[in-house]
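In what follows, a structure is listed as structure tokens, so that the remarks can point back to it.
The values are calculated or read from the model by the stated rules, or taken from the named source; none is laboratory data. Note that this is a predicted model, so its numbers are computed, not measured. Cβ placement follows ideal geometry from the backbone for every residue including glycine, while neighbour counts extend to all protein chains displayed.
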Amino acid sequence: MSIWGALAGGFAGTLVLTTVLRGASELRLTRTDLPFLLGTAFTADRLRAKALGYALHFIAGLLFALVYYAIFVAIDQSGWWLGAVFGLVHALFASTALVNILLPLVHPRMGSPLTGAPSTALLEPPGFLMLNYGSQTPFVNILAHVAYGALVGGFTQLAS
């Protein structure tokens, strides 16, 4: 197993994940825009939020690849299929606990079920499995994250 393989897989996986999510958004399968969601935590300027969000999304992709790598090393096993399983778990965590419990605690521009009517949140709360962003969102999110995990796992194994 190779940490450099994991990082290369994280970069390739983040490219694929981001492209799948952006493509699904353009095809009107989902309204999810993870880079925008990340960027608006730091700025209300929509253009800057997009640019910053893409940078943060790629950094997060590399950091998650390192987490996957650490688990691969701990269990002394890696591969595309195991990475895909990790991607599924990653997608389920991200679309439930992360965006609905953790993110609203720190995101100053995200609405919540407790947001008052006169307040002006920039972002609608995602809801369970991010269903507030469209009925196809869970499928798209899981597909994108499974592909990410498979690439991280595959690159980690190949670079051994």
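Can you name every residue in region 73-93 that is touching a residue at least 24 places away in the same chain (Cβ under 8 Å), within 21 Å of P125 (Cα to Cα) and surrounded by fewer than 21 Cβ atoms within 10 Å (Cβ to Cβ)?
The one that is touching a residue at least 24 places away in the same chain (Cβ under 8 Å), within 21 Å of P125 (Cα to Cα) and surrounded by fewer than 21 Cβ atoms within 10 Å (Cβ to Cβ): L92.
Do the conditions hold for A70, that is, is it in a helix (DSSP H, G or I), at pLDDT 90 or above, hydrophobic (A, V, I, L, M, F, W, C) and surrounded by 14 or more Cβ atoms within 10 Å (Cβ to Cβ)?
no
Here's a check for you: in region 40-67, which residue that is among the hydroxyl-bearing types (S, T, Y) and free of Cβ contacts under 8 Å to residues at least 60 places away in the same chain is surrounded by the most Cβ atoms within 10 Å (Cβ to Cβ)?
Y54
Counting only residues that are over 17 Å from the mean Cα position of the chain (by Cα) and of a type in the set (D, E, K, R), which one in region 1-52 is nearest to L66 (Cα to Cα)?
R48
Looking at (1) outside any helix (DSSP H, G or I); (2) polar (S, T, N, Q); (3) under 26 Å from P104 (Cβ atoms), which is the only condition T18 fails?
Among (1) outside any helix (DSSP H, G or I); (2) polar (S, T, N, Q); (3) under 26 Å from P104 (Cβ atoms), the lone unmet condition for T18 is (1).
Could we say that L123 is over 13 Å from the mean Cα position of the chain (by Cα), of a type in the set (A, V, I, L, M), modelled with pLDDT of 95 or more and surrounded by 15 or more Cβ atoms within 10 Å (Cβ to Cβ) here?
No.
All but one of (1) exposed (fewer than 14 other Cβ atoms within 10 Å of the Cβ); (2) at pLDDT 90 or above; (3) farther than 21 Å from P138 by Cα; (4) of a type outside the set (D, E) hold for R28, so report the exception by its number.
Failing condition for R28: (3).
Based on this model, can you work out whether L103 counts as at pLDDT below 90, assigned to a helix (DSSP H, G or I) and under 14 Å from the mean Cα position of the chain (by Cα)?
yes
Have a look at A44, A49 and point out the one that is farther than 30 Å from S2 by Cα and touching a Ser or Thr at 6+ places or on another chain (Cβ under 8 Å).
From the options A44, A49, the qualifying one is A49.
Just to be sure before I move on: is L37 closer than 19 Å to P125 by Cα, part of a helix (DSSP H, G or I) and touching a residue at least 24 places away in the same chain (Cβ under 8 Å) in the structure I sent?
yes
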